[in-house]
Amino acid sequence: MSDMQSRPAGTETPPAGTGNDTPPEAIKAIKLRHPWRMVLAVVLVVLAVLFIVDAAVNRPVYNWDEVGKYLFDTRVVEAAGYTLQLTVYSMVIAIILGIVLAVMRLSPNPVVKSVAWVYLWLFRGTPVYVQLVFWGLIGVIYKSIDIGIPGNEPWISIVTSDLLSYFALAIIGLALNEAAYMAEIVRAGLLAVDRGQEEAATALGLGWWHTMSRVILPQAMRVIIPPTGNEVISMLKTTSLVIAVPFTLELFTRTTDIAAKTYQPVPMLIVASIWYLAITSILMVGQYYLEKHYAKGIDQRPAPQKPTVETKAVAAVEAEMPPSDHHSGGGA
Amino acid sequence: MSAAETTMANAQTPMVKAEAVSKSYGSNLVLRSISLEVKRGEVLCLVGPSGSGKSTFLRCINHLETVSAGRLSVDGELVGYRQHGDKIYELHPKDAAKQRRDIGMVFQRFNLFPHMTAVENVMLAPTLLKKGMSKAKLKARALELLARVGLAERSDYYPAQLSGGQQQRVAIARALAMEPKLMLFDEPTSALDPELVGEVLEVMKELAKSGMTMIVVTHEMGFAREVADTLVFMDGGVVVESGDPREVLSNPQHQRTRAFLSKVL
């Protein structure tokens with residue numbers, strides 16, 4: 001690289017056209033000014049400072065001491081853990097079920113297609129809160145889960161409330177609802193993949209499963225992930241509804257319960273909000289890395305679109321000689 | 001007709017045999033009673049104006065499209081169907097997939113898998129379908145194929161990093177990876193910049209020389225003249241004229257062939 005033609009220093013650029021090997025003079029334009037940006041920023045900063053000072057000094061109801069006291073309270077930290085668990089477990093189930101439902105909806109089998117359609121109709125058509133109340137009552141509606149032939153003594157009978165804790169029911173409720181939305185996201189992703197991809201895989205003799213899992217889905221992921229990140233963050237906040245089951249140990253219910261004893265609702269709301277924000281921020285970092293992973297091969301800069309030395313190498317292959325005038329790039 | 005349908009494949013059976021093959025989309029008849037034979041090792045070029053049904057016919061051969069009437073067989077086996085006595089049964093998708101493994105196809109738009117490198121593209125089908133071969137051996141074979149199309153050094157490039165001509169050559173290597181007995185080319189150079197056409201045709205010429213049976217839908221009359229054993233001119237879903245390419249190109253018998261050739265030559 002050092003033996004490249006020397007570039008003239010910016011200030012002493014010779015007039016254009018003197019030498020053949022000197023690059024053309026770089027444009028030295030005076031930057032466009034944006035005075036209003038500065039004004040807007042200053043105004044906003046001043047407003048923010050005023051708000052903060054006011055909140056710290058004039059509003060005793062915020063009670064920042066209380067916020068500090070409870071932010072890392074064991075009960076609160078535990079509750080944040082439960083909230084995170086509810087989010088992660090229900091999203092994992094929802095994503096898997098959503099993929100299954102999306103694939104079912106696109107399946108050529110009309111039975112499977114209808115099943116997926118009915119599922120979506122049911123779980124998207126009713127509020128998640130109502131569904132969660134239903135799941136909470138499942139132990140009352142179906143006292144035991146029986147396996148056997150209807151009309152006969154069941155072979156196995158399990159009391160529903162023994163099998164499913166409120167925690168499990170909360171996850172089931174959230175996951176089954178979310179799966180309906182995930183199914184639509186996944187379907188959009190699958191449909192976004194070029195039809196030629198499926199054709200190429202089919203022409204190679206790949207079966208339906210291989211075509212889906214190796215060719216279509218990995219490419220659909222790129223489209224699926226951003227809205228899924230949205231859903232995860234949305235789910236984090238939806239977990240505050242599981243009181244409907246009733247599961248009471250998650251962040252919002254727990255902080256509300258504490259506030260009910262201290263008679264100070266506002267500081268506890270702030271505590272909960274800080275935790276929600278913290279978890280959201282962590283999830284966003286995860287999303288960034290996932291997006292990067294599935295952008296593989298897409299974000300690559302195209303190499304120069306010119307015929308390359310390999311064109312001649314074909315002739316070399318003709319004579320059964322490896323292209324020897326290049327380092328072989330064959331390795332891994 | 002049942003007597004003619006033997007599943008035994010021998011040297012005499014033509015690689016592709018079409019008897020009165022027709023295809024319609026609803027009431028729109030796109031192929032009308034196409035009959036032709038492609039012998040082993042033969043290179044057949046299909047030419048004709050767009051909409052003449054040549055690509056559809058090609059896609060019928062590996063069952064990407066279903067034939068609506070007539071009989072189409074590859075290596076003595078019906079494509080997409082199974083005959084038992086007088087009855088014709090639809091083939092299970094698994095068996096249809098198995099049939100396609102013996103037929104390589106190259107598309108106009110390359111259709112490489114963009115999330116895989118060149119060598120991964122070539123390896124995919126053998127990795128999934130040829131059980132019992134070690135990963136190292138599969139990779140060595142894939143690299144060999146890439147070397148054959150002159151792209152050994154680009155094995156770790158993603159399709160987006162390759163030129164159109166390079167992508168199409170990777171696509172040819174990918175189609176060869178399942179060791180097909182028949183190769184189908186659907187306008188392989190139509191999506192390429194003019195200066196990149198040559199490198200792809202060069203690879204195809206080599207392939208023809210190695211004895212591969214090939215059916216090529218193309219607008220490259222020079223290639224057809226030089227490489228093809230048979231040239232088939234289609235128009236309006238029928239075979240208008242076929243024969244030795246030099247013969248057909250220099251002395252077309254039909255008005256429609258003459259009209260078409262006068263525009264492309």
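The set of residues in segment A:177-223 that are among the polar types (S, T, N, Q) and farther than 19 Å from residue B:110 by Cβ comprises A:177, A:213.
So that you can scan it fast, the table gives a plain yes or no per residue for (1) in a loop (DSSP other than H, G, I, E, B); (2) in contact (Cβ under 8 Å) with a residue 12 or more places away in the chain; (3) more than 10 Å from chain A (Cβ to nearest Cβ):
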{"residue": "B:60", "(1), (2), (3)": "no, yes, yes"}
{"residue": "B:89", "(1), (2), (3)": "no, no, yes"}
{"residue": "B:123", "(1), (2), (3)": "no, yes, yes"}
{"residue": "B:128", "(1), (2), (3)": "no, no, no"}
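Looking for whichever is at pLDDT 90 or above and within 14 Å of chain A (Cβ to nearest Cβ) here; the options are B:65, B:42, B:37. Which one fits? Checking each option against the conditions leaves just B:65. For segment A:231-238, does any single residue satisfy the condition of being acidic (Asp, Glu) and touching a residue at least 40 places away in the same chain (Cβ under 8 Å)? Yes; the residues of segment A:231-238 include at least one that is acidic (Asp, Glu) and touching a residue at least 40 places away in the same chain (Cβ under 8 Å). For segment A:292-299, check the following and say yes or no: at least one residue is more than 12 Å from chain B (Cβ to nearest Cβ) and at pLDDT below 90. Looking through segment A:292-299, at least one residue is more than 12 Å from chain B (Cβ to nearest Cβ) and at pLDDT below 90. Taking segment A:52-137 as the region of interest, the helices (runs of 4 or more DSSP H) fully inside it that hold 3 or more residues being among the small types (Gly, Ala, Ser) and surrounded by 20 or more Cβ atoms within 10 Å (Cβ to Cβ) are A:74-105.
Answer yes or no: is there a residue in segment B:185-193 that is of a type in the set (D, E, K, R), in a loop (DSSP other than H, G, I, E, B) and closer than 19 Å to residue B:14 by Cα. Don't jump to the end; show me each part of the working.
Taking segment B:185-193 first, the residues of a type in the set (D, E, K, R) are B:186-187, B:193.
In the following step, the residues that additionally are in a loop (DSSP other than H, G, I, E, B) were identified as B:187, B:193.
Within this subset, residues satisfying the condition of being closer than 19 Å to residue B:14 by Cα are none.
No, that holds for no residue.
Being touching a Gly at 6+ places or on another chain (Cβ under 9 Å) and in contact (Cβ under 8 Å) with a residue 12 or more places away in the chain: is that true of residue B:227 here? Spelling it out, it is not the case that residue B:227 is touching a Gly at 6+ places or on another chain (Cβ under 9 Å) and in contact (Cβ under 8 Å) with a residue 12 or more places away in the chain. Among the candidates B:153, B:144, the residue that is outside any loop (DSSP other than H, G, I, E, B), acidic (Asp, Glu) and at pLDDT 95 or above is uniquely B:144.
In segment B:19-54, which residues are in contact with a Pro (Cβ under 9 Å, 6 or more places away or on another chain) and outside any strand (DSSP E or B)? Selection gives B:39, B:40, B:42.
Scanning segment A:233-266 for residues that are part of a loop (DSSP other than H, G, I, E, B) and more than 27 Å from the chain's Cα centre (by Cα) yields A:246, A:263, A:264.
Here residue B:187 fulfils each of the conditions (1) touching an Asp or Glu at 6+ places or on another chain (Cβ under 8 Å); (2) buried (at least 20 other Cβ atoms within 10 Å of the Cβ); (3) of a type outside the set (Val, Ile, Thr); (4) more than 7 Å from chain A (Cβ to nearest Cβ) apart from (1).
State whether the residues of segment B:92-111 include one that is under 30 Å from residue B:236 (Cβ atoms) and more than 14 Å from chain A (Cβ to nearest Cβ).
no
Residue-level check: of (1) facing another protein chain (nearest Cβ under 10 Å); (2) not in a loop (DSSP other than H, G, I, E, B), residue B:114 misses just (2).
Taking segment A:138-162 as the range and being of a type outside the set (Val, Ile, Thr), surrounded by 13 or more Cβ atoms within 10 Å (Cβ to Cβ) and out of contact with any helix residue (DSSP H, G or I) (no Cβ under 8 Å at 6 or more places or on another chain) as the test, the residues that pass are A:146, A:154. Is segment B:193-201 home to any residue that is among the aliphatic types (A, V, I, L, M), buried (at least 20 other Cβ atoms within 10 Å of the Cβ) and farther than 21 Å from residue B:147 by Cα? Taking every residue of segment B:193-201 in turn, none turns out to be among the aliphatic types (A, V, I, L, M), buried (at least 20 other Cβ atoms within 10 Å of the Cβ) and farther than 21 Å from residue B:147 by Cα. No other residue among B:174, B:225 is among the basic types (Lys, Arg), within 11 Å of chain A (Cβ to nearest Cβ) and either closer than 25 Å to residue B:79 by Cβ or not in a loop (DSSP other than H, G, I, E, B) (or both) apart from B:174.
Table: residues versus (1) over 23 Å from the mean Cα position of the chain (by Cα); (2) surrounded by fewer than 21 Cβ atoms within 10 Å (Cβ to Cβ).
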{"position": "B:52", "(1), (2)": "no, no"}
{"position": "B:89", "(1), (2)": "yes, yes"}
{"position": "B:98", "(1), (2)": "no, yes"}
{"position": "B:102", "(1), (2)": "no, yes"}
{"position": "B:126", "(1), (2)": "no, no"}
{"position": "B:144", "(1), (2)": "no, yes"}
{"position": "B:155", "(1), (2)": "yes, no"}
{"position": "B:161", "(1), (2)": "yes, yes"}
{"position": "B:165", "(1), (2)": "no, no"}
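Of the residues making up segment A:167-217, just one is crowded, with 18+ Cβ neighbours inside 10 Å and aromatic (Phe, Trp, Tyr), namely A:181. Return yes or no: is residue A:145 outside any helix (DSSP H, G or I) and either over 19 Å from the mean Cα position of the chain (by Cα) or away from chain B (no Cβ under 14 Å) (or both)? The answer is yes for residue A:145.
Number of residues in segment A:107-136 that are over 21 Å from residue A:234 (Cβ atoms) and touching a residue at least 60 places away in the same chain (Cβ under 8 Å): the value is 2.
The values are calculated or read from the model by the stated rules, or taken from the named source; none is laboratory data. Please read these numbers as outputs of a predicted model, since none were measured by experiment. Here Cβ is always computed from backbone atoms with ideal geometry, including for glycine, and neighbour counts include all displayed protein chains.
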